[in-house]
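For reference, the structure discussed in these notes is given below.
The values are calculated or read from the model by the stated rules, or taken from the named source; none is laboratory data. Everything numeric in this text was worked out from a predicted model, so none of it was measured. Heads up, the Cβs are rebuilt from the backbone with ideal geometry, glycines too, and the neighbour counts pull from every protein chain shown.
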Amino acid sequence: MPSNHSNSNDNTRSGKKNTILHAVNGYQNALDHQRELVKTGTDFNEENGLVARTIASLHPKRLKLIVSEVIEDTASTKTLRFKAEDNFLPPFQAGQYINLFVNIEGTETARPYAISSAPQERGFYDLTIKRVADGFVSHFLLNDVKVGDRFQSTGPMGTFYHNPLFHGDDLVFLAGGSGIAPARSMILNMIENRRALNTQTAPKMHLIYASSYEADVIYERELKQLEKAHEFLTITWLISRPTKDYKGRTGHVNAELLTALLGSDLDTLQAKMFYICGPTSFHDFCDEQLKQLKVKARRVRIECNGPPKHPEKLSGWPENLIATDKVKVTIHKADGSQGVFEARVDEPLLNSMERHGYSAENACRSGECSLCRVKVLKGSVFNPAEARLRSTDEAYGWCHSCVAFPTSDVELLV
C-alpha cells in the first residue's frame with residue numbers, strides 16, 4: 001500500500017514548482033492565453049516543432065553556399081565571399097568559424113576557416129585563405145575556385161570570441177599570418193557596435209600583427225585606415241624576414257617585445273585579455289611568452305587552428321617511431337563493413353581516413369568539438385594536448401580522429 005508520506009512529498013514538490021512558474025514574468029499571461037485557445041478549439045498542430053524549426057534556422061547543421069566574389073589580398077592570400085544559395089545566413093559571433101566541405105578529385109574532406117567579415121554584414125561570409133606550402137585544400141581553393149561555385153559548410157561554430165562580461169575592455173590581439181581573419185572580424189564588430197550604439201566608449205584594442213614578409217601582410221591598407229580613424233585602436237606591425245630597406249619593427253612576438261609595448265607591471269598585464277590567432281606554432285610560442293610574463297591562463301584565449309604539424313616532436317611521442325613510419329588501419333563501420341589501408345604515423349587519422357574514402361562528422365579539426373570521435377578497438381594512438389578528451393573518452397577508448405595519430409596497427413570503429 002503506497003505511503004501517505006510519498007504523496008505528501010509529491011504534493012510539496014508540485015506546489016514548489018507552481019510557485020516558481022508563477023514567479024516567472026509573463027507565465028500567468030501565457031497560461032491564460034493557452035486556456036482561452038483551448039476553450040475556442042484552436043488547432044495547435046501548426047505550432048508543433050516550432051521551437052526545433054527556430055533553433056535549426058539559427059544553428060543549421062549544413063549551409064548551402066555560393067561564391068559571389070573572389071578578392072585577391074596578397075600573392076599568397078585570397079578572400080572568398082560566400083552568400084547563401086537559398087534562405088539566409090545564420091548570425092555568428094565575431095571570431096567564430098565555419099567548416100567548409102570540399103571534394104578534390106574524389107576525395108571528400110573539410111577545413112575550418114574563421115569568418116573574417118563583421119557579424120553586421122548579414123548577407124555574406126568572408127573566408128580569408130592563405131596558401132599553405134604543403135596544403136591540400138588551400139591550393140584547391142586558391143587555384144580552382146571561381147565565382148558561382150557551390151559549397152556546403154557547417155553553421156558558425158567555436159568559442160574564440162570576445163565576451164564583454166568576463167573579458168573586459170582592454171584587449172590585445174596577437175595575430176600571425178592569416179590569423180588576422182578572426183581578429184579583423186572582432187575589431188570590425190566592436191567598431192560597428194560603437195557606431196550603432198552612438199557611444200564614445202569602446203574597448204581599448206591593441207593589434208600586434210606578425211608576418212614573415214612585407215608582401216604577406218593582409219588587409220594592410222584597411223587596417224591602417226581603421227587605426228587612423230579610431231583612437232582606441234593601436235596596431236603594431238612585425239616582420240620576421242624583412243627586406244634590407246624595411247624600416248618597421250622586426251622579429252617575433254616574444255616577452256621582450258610584449259613588455260616594450262604593453263609594460264611589465266603585472267597588474268596592468270592581468271587586466272588585459274589576450275587573443276592568440278594564427279598557426280599552431282605561433283599559438284604555442286606566444287602562449288609560452290605570456291606564461292613567462294606570468295599572465296594567467298584565464299586571461300588568454302587561443303583560436304583552434306588545426307592539428308600539430310610535427311607530432312613526433314611533442315612530449316609523449318613514442319621514441320621508437322619516426323614521422324615516415326607507416327601502420328595498417330582497419331576500419332569497422334556500423335553496418336558491419338570493413339576496410340583496410342596504410343597510413344603514416346604523422347598524419348591525423350581523420351585525414352588518412354578521408355583520403356581512403358571513409359568519413360566522420362567533423363567541424364573544428366583541432367580537437368575541440370569532439371564530433372569526429374572514433375573508437376580504438378585495437379592498437380594505440382598518440383593524443384596531443386589539443387585533443388580535449390573527456391575522462392570517459394579515455395576510459396572507453398575514444399579519440400578525436402582529427403588530432404589522433406596512429407602509433408601502431410590500429411582497428412577503429414567509425
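Computed values, structure above
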read-out	value
Tally, over region 367-392, of residues that are in contact with a Gly (Cβ under 6 Å, 6 or more places away or on another chain) and of a type in the set (A, V, I, L, M)	2
Residue match in region 331-339 (condition: assigned to a loop (DSSP other than H, G, I, E, B), out of contact with any Cys (no Cβ under 9 Å at 6 or more places or on another chain) and either among the basic types (K, R) or under 21 Å from I104 (Cβ atoms) (or both))	yes
Residues within region 92-105 that are surrounded by fewer than 20 Cβ atoms within 10 Å (Cβ to Cβ) and either in a strand (DSSP E or B) or modelled with pLDDT under 95 (or both), tallied	5
Test set (1) under 27 Å from C372 (Cβ atoms); (2) of a type in the set (F, W, Y); (3) part of a loop (DSSP other than H, G, I, E, B) - F82 fails condition number	(3)
Candidate set from region 9-64 (those that are of a type in the set (S, T, Y) and closer than 30 Å to S153 by Cα); member that is modelled with the highest pLDDT	T54
So F166, is it buried (at least 22 other Cβ atoms within 10 Å of the Cβ) and on the phi < 0 side of the Ramachandran plot	no
Residue that is surrounded by the most Cβ atoms within 10 Å (Cβ to Cβ) [pool: residues in region 244-298 that are under 22 Å from I180 (Cα atoms) and of a type in the set (S, T, N, Q)]	Q289
